[in-house]
Amino acid sequence: MKNVLVFAVITLSFGYTYCQSDSSDYYYRKGLEEKSNHLYMVAFNDLQKSTKFRIDNADAQRELGLTSLELRKYDNAEMAFQMVEQINKDDKVAVENLANLYFWTHQWPEAIEYGKKAQQMSVGKNWNYMIGKSYYQQEDYGNSFKYLQAAAKDDTANAEIPYLQARSFVDMNNYKAAIAFFKRAIFLDSSKFQWIYECALTFATIPDDKSAIQYYLLAAQKGYKIDNDYYENLSDSYIAAGEAEKGLDLMLKVLEKKPADLVLLYSVADTYYRLKKYQEAIDYWDKILYFDKENAKALYMIGMAYQKKGETAKGRQLCDKAIEMDPSLKNLKHEIKMDM
């Protein structure tokens, strides 16, 4: 009797397993048919049923992953492909799609791992670019540059590759090296006004302000938003490039919108001083003192401006008063003499 019971249990277990497998296959085939008719949502539901009956049905899991991608259900796709890889770690479809999914969803360490695996398995393409960009996002500029160099040979038309190389050098404070890559990126895609503006900022940092002006103007021409920061940066480059009047005009435009900006007021006053328009310089340093009566540097420069106007005694008195407020201004006096 005992043997009969054991046999019955085994028979029932086998029958249940067979039934589960049969049901899984049924919904798998049904899902394939619906997918061929572009009924992706219906196919998705049936493929899910198939995997519930048999979680280790690799074919159903693979199709569930691909159908999830069609529906942009990236979480479902990731889980399905992960299951396929557990069943067969060398499944090319799973590895390729996991690499792409990790990249799209900004899971950078996983994108690097699976990108390299896909590259070794010779499936898919653009892995050097994806791995390089993933390293860049992790601020690993050495590895990023290595893979992006290879990517540039794979795809000579991808403008983002030299742009990322330029950004890598900027982030490493190597501005001169960044310029060549910015130029290459802009040559490949001249519509990216943000890249053009970043190139201008990099030129200004070197400094090469004449080139910076050229790229600032080009960025605006291509559609970069002209705001206060844009005008201030452009005006700084005009002044540094010896076109102080142009720079001053731009600063005055910004000052109309930011009348209490002390840094801007000082820049305007300083530019008037350099243009030998001493009374105008005094007027703007006076505005700084209106907002900040303890600003010794502004007071000192008013004194210098009065001396330049020929009112030597008054100017020296103001300079001495400023030095009493801030003894470090003695160094400024020395710097101004050297500058003159």
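Values quoted throughout were computed directly from the atomic coordinates according to the rules given, and no laboratory measurement underlies them. Treat the numbers as computed from the prediction; the structure is a model and nothing was measured. Here Cβ is always computed from backbone atoms with ideal geometry, including for glycine, and neighbour counts include all displayed protein chains.
Rounding to the nearest 20 debye, state how big the charge dipole of segment 212-252 is about its Cα centre with +1 on each Lys and Arg Cβ and -1 on each Asp and Glu Cβ.
Working: 3 positive and 7 negative charges, 46 e Å.
Magnitude of the dipole: close to 220 debye.
Note the listed values [x] 6, 27, 37, 25, 6, 0; [y] 5, 16, 16, 15, 13, 11, 9, 7, 4, 2, 1, 0, 0; [z] 5, 24, 30, 19, 10, 5, 4, 2, 1, 0, then indicate which one is P(r) over Cα pairs in 10 Å bins from 0, in percent calculated from this particular structure.
Only one listed value fits the structure, namely [y].
In debye, nearest 20: dipole of the chain around its Cα centre with unit charges on the Cβ of K, R (+) and D, E (-)?
My answer is approximately 460 debye.
In segment 75-114, whose amide N lies under 15 Å from the spot 7 Å out along Cα-to-Cβ of Ile55? List them in ranges.
79-88
First measure r as the distance between the Cβ atoms of Gln279 and Lys321, then evaluate 1/(1 + (r/R0)^6) with R0 = 35 Å and state the FRET efficiency to the nearest 0.05.
After rounding to 0.05, the efficiency reads 0.95.
With point charges of +1 on the Cβ of Lys and Arg and -1 on the Cβ of Asp and Glu, referenced to the Cα centre of the chain, which listed residue (Ala150, Asn126, Ile186) lies farthest in the positive direction of the dipole?
Of Ala150, Asn126, Ile186, it is Ile186.
Compute the angle between helix 127-137 and the longest alpha-carbon principal axis of the chain, please, reported from 0 to 90 degrees and rounded to the nearest 10.
Once rounded, the angle reads 50 degrees.
How about Lys293: which lysines have a C-alpha closer than 28 Å to its C-alpha, ignoring those fewer than 8 places off in the same chain?
Lys253, Lys257, Lys258, Lys276, Lys277, Lys308, Lys309, Lys314, Lys321, Lys330, Lys333, Lys337
Which listed residue (Ser36, Ile213, Leu69) has the Cα farthest towards the positive end of the charge dipole for the chain, taking +1 on Lys and Arg C-beta and -1 on Asp and Glu C-beta about the Cα centre?
Of the candidates, Ile213 comes out farthest on the positive side.
Helix 193-205 versus the longest principal axis of the chain: what is the Cα-based angle in degrees, 0 to 90, to the nearest 10?
That helix lies at roughly 50 degrees to the long axis.
Going by alpha carbons, how many degrees (0 to 90, nearest 10) lie between the helix axis of 175-188 and the longest principal axis of the chain?
The angle comes out near 60 degrees.
Please order Glu139, Glu160, Glu198 by the number of other Cβ within 10 Å, starting at the fewest.
Ranked by crowding around the Cβ, least crowded first: Glu139, Glu160, Glu198.
I need the calculated FRET efficiency for the pair Ile87 and Phe187, taking r as the beta carbon distance and R₀ as 45 Å, to the nearest 0.05.
0.45
Please compare each pair in Lys133/Lys225; Lys92/Lys153; Lys176/Lys246 to a cut-off of 32 Å on the Cα-Cα distance and tell me which ones are over it. Mind dumping the intermediate values first?
Working: Lys133/Lys225 27 Å; Lys92/Lys153 25 Å; Lys176/Lys246 26 Å.
Those over the limit do not exist; all pairs fall within it.
How would you rank Cys199, Cys319, going from fewest to most other Cβ atoms within 10 Å of each one's own Cβ?
On the way: Cys199 28, Cys319 23.
So the ranking, lowest neighbour count to highest, is Cys319, Cys199.
If you take the charge dipole of the chain about its Cα centre, with +1 on Lys and Arg Cβ and -1 on Asp and Glu Cβ, which of Thr271, Val95, Leu252 is farthest toward its positive end?
Going by the Cα projections, it comes out as Thr271.
Order these by the 10 Å Cβ neighbour count, fewest first: Thr271, Thr202. Spell out each step's value before the answer.
Working: Thr271 22, Thr202 25.
Lowest count first: Thr271, Thr202.
Between exposed trypsin sites (Lys or Arg not before Pro) in the chain, where DSSP calls loop and at most 11 other Cβ atoms lie within 10 Å, what's the longest gap?
For trypsin sites (Lys or Arg not before Pro) (loop position, at most 11 other Cβ atoms within 10 Å), the longest site-free span of the chain is 90-224.
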